[in-house]
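The values are calculated or read from the model by the stated rules, or taken from the named source; none is laboratory data. Please read all numbers here as calculations on a predicted model, not as lab measurements. Reconstructed Cβ throughout: ideal geometry from the backbone, glycine too, with neighbour counts over all protein chains shown. Calculation scope for accessible area: heavy atoms of the full protein, side chains included, ligands and nucleic acids excluded. Shrake-Rupley method; radii C 1.70, N 1.55, O 1.52, S 1.80 Å.
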Amino acid sequence: MHDLIVRYVEETVRHLPVKEREDVALELEANIQDMLAGDDSTGKIEETLLALGSPATLARQYRGKERYLIGPETFDLYLMVLKIVSLVVALVTMVITFVSLFFASEPTSIGVMISKVLASVFSGLSGAFLWVTITFAIMSYYQVNTELEEWNLKALHSLEQAPTRRIKKSDSIGDMVGLSIFFVLLIVLYSRSDLIAIYRKGAGPIPLFVSSALKPYIIGWMITTILTFCVAVIKFAKKVWSTQLFVISAVADLLGLCYFIFLSTRWHIYNPDFLAFFSGNINQWQIIVKAACVVLLILTLISLGDDAYTVFRRTRPNESGKAPAR
């Protein structure tokens, strides 16, 4: 069987439940052979597969029913992102709740500890569901295109061999997982900023931040994190770099970096007692923070430079329509 047909069938059944894939694959292969009518030329195969439509669209027809919570075009992506975020939020919330109970000033019974952990996990999952759903609802409202690209001959051949500007799926998932963890940490930091502190035996903890001064800035940080998460979702859906996607990604990264530098240089959010504990002063602390900001800026620019090289300078597919090996 021609490799294009194999790739097309595999990409189609990938969108279906595991138990249905084998039967659908056999049925689809038979339908394609009937449409070819014995003509196995590459031109006829390309014409047939283009007529069937993109694998994602064809898979929705095989499901037999549409899903309308977010929209049939984005529901599969929504469901995958929701699973990833929910898993991360549940694990992180569980760990943070156990740690906070461990450092509690009063002893806690096992029953109370378990109930508080379950309540925190449920609350975290509810927030994750709301956050992801609102994100995709906004994307659906503004009709953000999450399809890889228009279904044409170029898209058909991209199933055969990945283009040079493909975005690694693992990178996009890693971004979403990391941002989800970071968002949960921001929530904890907003409600219990005193947890980041120096703990001393026989004395009270010395928190790093002044809680009342830090809280307003945390809200802004949450907003920039959500925006960056939306960009990660778009990159996961598109799978291939484009000039527009690179610009959006770069702006989101630089916005997050600028806000971090802005927040970390608000010197009134730091607790003077924390600095005094290390026999330091605010001037020494400012030097450390500014040096860290410079290092972070350099690393961000290197990352953006690598993405820019991928988008603008990397070798394009050759005239045969196949991308060169990387």
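With respect to the numbered conditions (1) under 20 Å from I261 (Cβ atoms); (2) of a type in the set (S, T, N, Q); (3) modelled with pLDDT of 85 or more, which one is the sole condition not fulfilled by S193?
Unmet for S193, out of (1) under 20 Å from I261 (Cβ atoms); (2) of a type in the set (S, T, N, Q); (3) modelled with pLDDT of 85 or more: (3).
Using the structure shown, decide if F102 is among the hydrophobic types (A, V, I, L, M, F, W, C), touching a helix residue (DSSP H, G or I) at 6+ places or on another chain (Cβ under 8 Å), modelled with pLDDT under 70 and farther than 25 Å from A232 by Cβ.
no
If L257 satisfies every condition in (1) farther than 20 Å from V210 by Cα; (2) over 17 Å from the mean Cα position of the chain (by Cα); (3) open to solvent by 30 Å² or more (accessible area, probe 1.4 Å); (4) among the aliphatic types (A, V, I, L, M) but one, which is the exception?
With (1) farther than 20 Å from V210 by Cα; (2) over 17 Å from the mean Cα position of the chain (by Cα); (3) open to solvent by 30 Å² or more (accessible area, probe 1.4 Å); (4) among the aliphatic types (A, V, I, L, M) applied to L257, the lone miss is (3).
Specify the residue that is surrounded by the fewest Cβ atoms within 10 Å (Cβ to Cβ); the eligible residues are those in the stretch 118-152 that are part of a helix (DSSP H, G or I) and modelled with pLDDT under 75.
It comes out as Y141.
What residue, among those in the stretch 166-223 that are among the acidic types (D, E) and open to solvent by less than 70 Å² (accessible area, probe 1.4 Å), is farthest from S86 (Cα to Cα)?
First pass over the stretch 166-223, keeping only residues among the acidic types (D, E): 171, 175, 194.
Retained after the next criterion (residues that are open to solvent by less than 70 Å² (accessible area, probe 1.4 Å)): 175, 194.
Details: D175: 15, D194: 26 Å.
Once the filter is applied, the top-ranked residue is D194.
Give the residue, chosen from T265, T300, that is within 24 Å of L189 (Cβ to Cβ) and crowded, with 16+ Cβ neighbours inside 10 Å. Lay out the reasoning, then the answer.
Working: T265 fails: crowded, with 16+ Cβ neighbours inside 10 Å.
Criteria check complete, one pass: T300.
Kindly establish whether I187 is modelled with pLDDT of 80 or more and farther than 17 Å from M222 by Cβ.
Working: modelled with pLDDT of 80 or more: yes; farther than 17 Å from M222 by Cβ: no.
When the stated conditions are applied, I187 does not pass them.
Residue check, F277 against (1) among the hydrophobic types (A, V, I, L, M, F, W, C); (2) in contact with a helix residue (DSSP H, G or I) (Cβ under 7 Å, 6 or more places away or on another chain); (3) open to solvent by 40 Å² or more (accessible area, probe 1.4 Å), all met but one. Which one?
F277 satisfies all of (1) among the hydrophobic types (A, V, I, L, M, F, W, C); (2) in contact with a helix residue (DSSP H, G or I) (Cβ under 7 Å, 6 or more places away or on another chain); (3) open to solvent by 40 Å² or more (accessible area, probe 1.4 Å) except (2).
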